[in-house]
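Q: Pasting a structure below so you can have a look.
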Amino acid sequence: MKIAVKDAETGNRINMEVEDDNTIGEIIEEAANYWKKNPGAYVIRFGKKILRGKSTVKEAGLQDDDVIELIPDPEGGSCFLKTCL
């Protein structure tokens, strides 16, 4: 499926192809690397929910054409991939 990731700090967007079993951590890592940001300092916001690390695209309820936001981690930014739920 196709989703868009928006950089909440700049408003820039990238389009991504993801599968149901891709993790939120993988999306964060790819988007952060694209914008040359530290992936460990960011989380994804989807509506009013904060999505982190190990949850999958399917578990997060993402659907084709959804727009999610890459935002600075409101808890300080040490959360990344394997250490976050």
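Q: Of all residues being of a type in the set (A, V, I, L, M) and over 17 Å from Ala4 (Cβ atoms) in the range 15-58, which is least open to solvent (accessible area, probe 1.4 Å)? Just the residue, please.
A: Filtering the range 15-58 for residues of a type in the set (A, V, I, L, M) gives 16, 18, 24, 27-28, 31-32, 41, 43-44, 50-51, 57.
Of the ones still in play, those that are also over 17 Å from Ala4 (Cβ atoms) are 41, 50.
Details: Ala41: 33, Ile50: 69 Å².
Residue satisfying both the conditions and the ranking: Ala41.
Q: Can you tell me how many residues within the range 18-56 are under 13 Å from Ile68 (Cα atoms) and not small (Gly, Ala, Ser)?
A: Residues flagged as under 13 Å from Ile68 (Cα atoms) and not small (Gly, Ala, Ser) within the range 18-56 amount to 14.
Q: Step by step: first the residues of the range 46-62, then only those that are within 10 Å of the chain's Cα centre (by Cα) and modelled with pLDDT of 95 or more, then the one that is farthest from Asp21 (Cα to Cα). Which residue is that?
A: As a first pass, look at the range 46-62 and keep what is within 10 Å of the chain's Cα centre (by Cα): 46, 50-53, 57.
The next check asks that each one be modelled with pLDDT of 95 or more; those that pass are 46, 57.
Numbers: Phe46: 17, Val57: 6 Å.
Restricting to residues being within 10 Å of the chain's Cα centre (by Cα) and modelled with pLDDT of 95 or more, the top hit is Phe46.
Q: Out of the residues in the range 25-39 that are under 11 Å from the mean Cα position of the chain (by Cα) and over 15 Å from Asn15 (Cα atoms), state the one that is modelled with the highest pLDDT. Give the derivation first.
A: At the first step, the residues of the range 25-39 found to be under 11 Å from the mean Cα position of the chain (by Cα) are 25-32, 39.
Narrowing the set further to residues that are over 15 Å from Asn15 (Cα atoms) leaves 25, 39.
Details: Gly25: 96, Pro39: 92.
Top of the filtered list is Gly25.
The values are calculated or read from the model by the stated rules, or taken from the named source; none is laboratory data. Please read these numbers as outputs of a predicted model, since none were measured by experiment. For neighbour counting, all protein chains shown are included, and Cβ atoms are generated from backbone atoms with ideal geometry for every residue, glycine included. Please note that ligands, DNA and RNA were not included when accessible areas were found on the heavy atoms of the full protein model with its side chains. Shrake-Rupley method; radii C 1.70, N 1.55, O 1.52, S 1.80 Å.
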